[in-house]
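Values in this text are rule-based calculations from the coordinates and carry no lab data. Everything quoted here is computed from the prediction, not taken from an experiment. So basically every Cβ, Gly included, is an ideal-geometry build from the backbone, and we count neighbours across all protein chains shown.
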Amino acid sequence: MPQIELKQAEKTDHQLIVNLMQFYNYDFGEWIPLSFADDGFFAIRPKLDYLASSTTIPFLILVDAQIAGFVIVDVEVHATGAQFNIGCATAGRCPCRRTRSRSA
């Protein structure tokens, strides 16, 4: 069984999370129209200040010690009585599938 870990991201992980947000936007594009910037990436607002905010807690999702996604918790709540909000989250395919040996 794969080992799943939720690890609070360090400041050095913030650019990694911004990169992973491209996959989040790709998935989100199923429901809303998103456009590409001139560099070929999804045009998203800068997120490094958001990730460094004292009211934002970014996490990395690890599966068998490999990056599998991210979760961002913030205080931008929209539900009465809630203290926290999941600002965005995404997980790719389980990296453990790539490491399993296949039997003939």
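Between V63, V77, V18, the residue with the greatest mean-square fluctuation in the GNM of the chain (Cα pairs under 10 Å linked by springs) is V77. Given the options I72, I57, I32, which has the most mean-square fluctuation in a GNM of the chain, springs set between C-alpha atoms less than 10 angstrom apart? Among I72, I57, I32, the largest GNM mean-square fluctuation belongs to I32.
Available extension along the chain between A82 and F23 is 18.5 nm, counting 0.36 nm per residue and deducting the alpha carbon span.
Using the alpha-carbon atoms, what tilt in degrees (0 to 90, nearest 10) does helix 14-28 show relative to the longest principal axis of the chain? Taking the Cα atoms of the chain, the angle to 14-28 is about 90 degrees. Between S35 and A65, the modelled labels are 4.5 nm apart [label points 7 Å from Cα along Cα→Cβ]. Along the chain, the longest continuous region that contains none of the trypsin sites (Lys or Arg not before Pro) in a DSSP loop with at most 15 other C-beta atoms within 10 Å is 1-92.
Result for the chain in a Gaussian network model with C-alpha springs under 10 Å: among D13, D74, D49, the largest mean-square fluctuation is at D49.
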